[in-house]
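Worksheet for the structure shown next.
The values are calculated or read from the model by the stated rules, or taken from the named source; none is laboratory data. What you see is a predicted model, and the numbers here were worked out from it, not measured in a lab. All Cβ positions, even for glycine, are placed from backbone atoms using ideal geometry, and neighbour counts span all protein chains on display.
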Amino acid sequence: MQIRSRAALAAALVGATLSGLALSACSPGGASSEDDAANTISIVGFAVPEAANKNIATEFNKTDEGKGVRFQTSYGPSGDQSRAVAAGLKADYVHFSVPTDVTRLVDEGLVADDWDSGENKGVVSTSVVVFGVRDGNPKNIQTWADLVKPGVEIVTPNPASSGAARWNALAAYGQVISDGGTEEEATEFVNKFFKNVVSLPGSGRDATTAFLGGTGDVLMAYENEAILAAQNDEAFEYILPDTTLKIENAGAILKDASKPSQAWLDFVLSDEGQTQFALTGFRPLRDDIDYGGTVEGATDPSNPFPEVPTLLTVDNDFGGWDEVSTKFFDEENGLIFQAILGAGLSLE
């Protein structure tokens, strides 16, 4: 089963014009285009952290290492963006939803083998899977079991292109196992889940847009995406289930990255960088990050990141991404892809 025309998709993305962020002053008069290129960081990422990265870049430009640094950015579905970089899209720093989108670039010789050997293990931002619901929660969605009731319409992005979709699907499967269920019962739940799906947009951001436009009763989302929507005056209620999955987004610089790119990655991981992630709804990597204690847009701004009673992780509960990629997302026999096709949905 070929999910999509990879070559055509990558070529289209490579041909797309990168959008420049107006984050720093213009180069001094007389500076050459080569100088500009050497002092520019090209960021290629999945759609959800665009606002956070923009805020981090603003703060980075205030530092000695970031003074005068320019940014070019390209955001879209994580898998599509990764394939585009592999096909030639210029990137100095990549920020993807799932680590396998970075390891694709390792396999292509574009990212160093030890990209995830640091203390952060390649993770630059984290969140958790939540349920977005309509105002007043008219379907009374509280638990995973509520999602598979008759008549409940779900919006979740397409795992063929979106990393967010993969986190959502793994959370749906894993919560059954965590509650003592068998793999057969978890598979049955996932099959029921996708039979209630009415929209599979290309990315997590596209899924949010579809939900805000009136599609579905429930949006499978990152917690930070729900918080950011509220910050942008597009609020919807969200439910943090008692059992959910920790989302760990990967970031890396490429082997031929521009000179300031390493300093940028270091800043992203610093207290200052993680503070900006927190203020846009991401859970910071470290518990001691001082973001002021309040995050506007959260259900409770004074307690924006409540503890999850049972927080699953890919490494501890699924055996790591190598196992996950084969078992759940193989194009021919992956459990999640089979559930989608079995529900009559398209992976295109």
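Structure notes:
- Test: F96 is crowded, with 16+ Cβ neighbours inside 10 Å, aromatic (F, W, Y), outside the structural domain of Q338 (by TED's automatic domain parsing) and touching a helix residue (DSSP H, G or I) at 6+ places or on another chain (Cβ under 6 Å): yes
- Restricting segment 197-209 to residues that are farther than 20 Å from L147 by Cβ and among the polar types (S, T, N, Q) leaves a set whose member that is surrounded by the fewest Cβ atoms within 10 Å (Cβ to Cβ) is T209.
- Subset of segment 200-238 [among the small types (G, A, S) and in contact (Cβ under 8 Å) with a residue 12 or more places away in the chain]: G202, S203, G204, A207, A210, G216, A221, A226, A229, A230, A235
Matching residues to (1) assigned to a loop (DSSP other than H, G, I, E, B); (2) within 21 Å of the chain's Cα centre (by Cα); (3) surrounded by fewer than 24 Cβ atoms within 10 Å (Cβ to Cβ); (4) modelled with pLDDT of 95 or more:
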{"position": "L105", "(1), (2), (3), (4)": "no, yes, yes, yes"}
{"position": "K121", "(1), (2), (3), (4)": "yes, yes, yes, yes"}
{"position": "G132", "(1), (2), (3), (4)": "no, yes, no, yes"}
{"position": "I141", "(1), (2), (3), (4)": "yes, no, yes, yes"}
{"position": "G181", "(1), (2), (3), (4)": "yes, no, yes, yes"}
